[in-house]
Each structure stands twice: as C-alpha cells, then as structure tokens.
Amino acid sequence: MRRMFEEAGIRPTAIAACALLVFSLLVASARASSANETPPLIILEGPALAQIKQRLQTGDATLAPSLNRLKRDADRALLGGTFSVTEKDITSPGGDKHDYTSIAPYWWPNPKTANGLPYVRRDGEVNPERDQTSDRKRLDNMVQTVKTLALGYFFTDRETYAAQAAKTLRAWFLDAPTKMNPHLRYAQSIPGRNQGRGDGIIETHNLPELLDSVALLAGSKSALASCSQVAAGGDRLAVGGGSGTSRGHAPVIAKTSFSEIG
C-alpha cells in the first residue's frame, strides 16, 4: 500500500488550513469533469493517481496487494459509523454541544489549587485530557475515514464507499442533530485562563486532505448530493474571537460562501 501511495505523492503535510471546506469549487469541478479527467487536488498528485488507476484497470499485479489493503481499510470504514462534535461529554463555554471544543495540549491542572485552576503550562508534555474531552481527535478521525473511503471509491468505483464518505461528511457539517457550528471559538482553550485561542486554527491543519478527498468523489451521485446541500447553506467559519484570544491574536474570519453554485 505504501508503494502505491508514495507514487501518488501521499505523504504527511504541515499545511495549516484556515477556511471551511470550499465545496463550491469542488462541486463546480465535479460537474464540469468527466470520469476520465484528473480531479483537481491540493496535496495529492492527480496525474499520478490517475496513472495508478489505469494500471489497476489493466491488471497490474504489482499493485494488487496495495489495492487489497485499501479495500480492507475502506470496508472497515463502512462499519465504523460517523463522527460528531455532539459526542463529547462536556458542553462548550457557549452552552452548545455543536460548538467545536478543545483544550491546549501543554496545559495541566494546577497542583497548587483545590479546583486545579488556572491550568499551568508544562512545556512539551501533552495533557491526555486533550483527547479525552475535546473534539480534536474526532475531527482527525473524520478526515482520515473520509480519505480512506474516497481513495477506495476512486480506485474501485464502488458507490458504497462514496455513499459512506458522503454520510460521514453530512454528519459533521450538515445534519442538524450532529453538525458542527461553523466556528472555532472554543478551540485550544486554557481552563481558568480563557475560553479559546487563535492558536486553535492549527487543529484544522488536515482540512486540505479533506478537500482532496471530496475531489476524489467527483462523479459519485452520493457525493454530489451532499455537496449541493452544503451549497444551499452559505455557512461561514469564524476562527478565534471572544475575550479569550491569547498572544495578541486578533479574531480571524475565514468566509466561504457556497451560495453561488448553480
């Protein structure tokens, strides 16, 4: 599997994303493209992916083990369910479970106070509470699940993979009972010090991967239906803001309009 993905340029990335998914561009490109065209991608190398798919279609046996592993991973993702910010046990400072919430990784309960507040910094030591109580890991799991399903769909044309990817995207961004409110106001908070920080934008570093995944779903009826729902929403993503912004960060507003899609 590593060989197939390395040929396509699939590798770790340090890209930091500050905008919500630009579905409008992807829907437009999907509607304009045919099944034989290379999808528009940000991180992955579209021509390399298309070449690998062509080799698979012609029966290149050297890629069979990688394809089989990808299909096993995608099959597991079919059974893995979806992800939602509403699954956390805590409620955001704003009182809404639909708010994305997380705590800064290097801040720990204060051993000198009865209630542990305010948290104190322990540089380089990650507080496990970060993933036990926050949405950061859920976001990462959602991105990786959609990526696996999208690659599975791209290389096999199995609509079931695309349908599950679309379902996962809808659960996180669209469905009323489970969707995330479009802001990161309470990301990387420090208990006892602030309710959120501009630094929280770093937790969206893998959104470009998600954009690539959506692009790979071009041509799928399930994916196009979900993207059209997003287009009707016209949501905005507000990053930072509030009195808890630290290090002098001003609130960052990343506006993405989906209302222009025909």
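Data table
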{"read-out": "Qualifying positions in the stretch 147-183 - outside any helix (DSSP H, G or I) and more than 23 Å from S134 (Cβ to Cβ)", "value": "D157, R158"}
{"read-out": "Selection count, the stretch 159-207, where residues are farther than 14 Å from S92 by Cβ and either among the hydroxyl-bearing types (S, T, Y) or in contact with a Cys (Cβ under 8 Å, 6 or more places away or on another chain) (or both)", "value": "6"}
{"read-out": "Pick from the stretch 205-223, criterion under 17 Å from the mean Cα position of the chain (by Cα) and among the small types (G, A, S), ranking: nearest to P40 (Cα to Cα)", "value": "A215"}
{"read-out": "Some residue of the stretch 164-175 being of a type outside the set (A, V, I, L, M, F, W, C), at pLDDT 95 or above and crowded, with 21+ Cβ neighbours inside 10 Å", "value": "yes"}
{"read-out": "Test for S66: is it within 30 Å of P191 (Cα to Cα), among the hydroxyl-bearing types (S, T, Y), touching a helix residue (DSSP H, G or I) at 6+ places or on another chain (Cβ under 9 Å) and buried (at least 17 other Cβ atoms within 10 Å of the Cβ)", "value": "no"}
{"read-out": "Members of the stretch 189-219 found to be over 30 Å from T113 (Cα atoms) and of a type outside the set (A, V, I, L, M), listed by number", "value": "T204, H205, N206, P208, E209, D212, S213, G219"}
{"read-out": "Residue tally, condition surrounded by 16 or more Cβ atoms within 10 Å (Cβ to Cβ) and modelled with pLDDT under 95, over the stretch 69-96", "value": "4"}
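The values are calculated or read from the model by the stated rules, or taken from the named source; none is laboratory data. All figures in this text were calculated on a predicted structure; none of them were measured in a lab. All Cβ positions, even for glycine, are placed from backbone atoms using ideal geometry, and neighbour counts span all protein chains on display.
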